[in-house]
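Comments concern the structure below.
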Amino acid sequence: MATVVAEMSMSLDGFIADRSDEVGPLFDWYGNGPVELTWPGSPMVSHVSEASAGYLREALAGVGALVAGRRLFDHTRGWGGSHPLGVPVFVLTHTTPEGWPRDDAPFTFVTDGVESAVAQAKAVAGDKTVAVASPNVAQQCLNAGLLDGIGVDLVPVLLGDGIRFFDHLSHAPVALEGPRVIEGTGVTHLYYRVKSP
């Protein structure tokens, strides 16, 4: 059965983007190393440290589906029609955007809640991971007891303000197990398992 994991690059003070959804220095680690890594669903290439490359290769190979929010979908302009992970994407939204769905794109728009989006993604992912790619959706998953793991790519920067990874939690504190720690260059990869309530 698929596991559901939210992973994002985060500043030391807990932000995953500024107020304009720009990641700025939080993604610098994707280009600060000697190891070339091609993303499975696009020609996009990152250059990361050896440690980060090993971590990313394992993580990317394990993803079978993605759940994202409408805000992220709109901000990325639907990733140009194909997400860099190359997997089916389930977009949690109140309304389907104009011009969608399209036969040539791997997006399913889910209008009946986070539980439905995760269930549909798990059905497609099989034994692989369902990645959660929006902080708001990650928070909804935590509140609904749907999240199995949390990955934090901790970047040594203080943003001071912005969009928090963890906000609006209705059942805090949330107990975690771990972390598994991998030291990259300009980033520390942390993985925690969410304890069952």
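The values are calculated or read from the model by the stated rules, or taken from the named source; none is laboratory data. Computed from a predicted structure; not experimentally measured. Note: ideal-geometry Cβ built from the backbone for every residue, glycine included; neighbour counts use all protein chains shown. Accessible surface is based on the protein model in full, side chains and every heavy atom, while ligands, DNA and RNA are left aside. Shrake-Rupley method; radii C 1.70, N 1.55, O 1.52, S 1.80 Å.
Specify the residue that is nearest to Val23 (Cα to Cα); the eligible residues are those in the stretch 163-177 that are open to solvent by 60 Å² or more (accessible area, probe 1.4 Å) and outside any loop (DSSP other than H, G, I, E, B).
So, considering only residues that are open to solvent by 60 Å² or more (accessible area, probe 1.4 Å) and outside any loop (DSSP other than H, G, I, E, B), the one nearest to Val23 (Cα to Cα) is Arg164.
Can Val174 be described as touching a strand residue (DSSP E or B) at 6+ places or on another chain (Cβ under 7 Å), touching a residue at least 12 places away in the same chain (Cβ under 8 Å) and within 19 Å of Ala2 (Cα to Cα)?
Judged against the criteria, Val174 is not a match.
Is it fair to say Gly64 is in contact (Cβ under 8 Å) with a residue 40 or more places away in the chain, in contact with a strand residue (DSSP E or B) (Cβ under 6 Å, 6 or more places away or on another chain) and more than 23 Å from Asp21 (Cβ to Cβ)?
Judged against the criteria, Gly64 is not a match.
Could you tell me which residue of the stretch 76-106 is surrounded by the fewest Cβ atoms within 10 Å (Cβ to Cβ), considering only residues that are under 20 Å from Leu146 (Cβ atoms) and of a type outside the set (A, V, I, L, M)?
His94
Being out of contact with any Lys or Arg (no Cβ under 8 Å at 6 or more places or on another chain), at negative phi, in contact (Cβ under 8 Å) with a residue 60 or more places away in the chain and among the hydrophobic types (A, V, I, L, M, F, W, C) is the requirement here; does Val5 meet it?
yes
Residue by residue through the stretch 178-197, note down the ones that are open to solvent by less than 40 Å² (accessible area, probe 1.4 Å) and in a strand (DSSP E or B).
Ile182, Thr188, His189, Leu190, Val194
In this structure, does Gly160 turn out to be within 30 Å of Val48 (Cα to Cα), in contact (Cβ under 8 Å) with a residue 24 or more places away in the chain, open to solvent by 40 Å² or more (accessible area, probe 1.4 Å) and small (Gly, Ala, Ser)?
So Gly160 fits the description; yes.
Filter the stretch 10-52 for residues that are among the aliphatic types (A, V, I, L, M) and loosely packed, with under 15 Cβ neighbours inside 10 Å; which is nearest to Leu158 (Cα to Cα)?
Leu12
Quick check on the stretch 53-67. Is at least one of its residues in contact with a Phe, Trp or Tyr (Cβ under 6 Å, 6 or more places away or on another chain) and surrounded by 14 or more Cβ atoms within 10 Å (Cβ to Cβ)?
Checking the stretch 53-67: at least one residue is in contact with a Phe, Trp or Tyr (Cβ under 6 Å, 6 or more places away or on another chain) and surrounded by 14 or more Cβ atoms within 10 Å (Cβ to Cβ).
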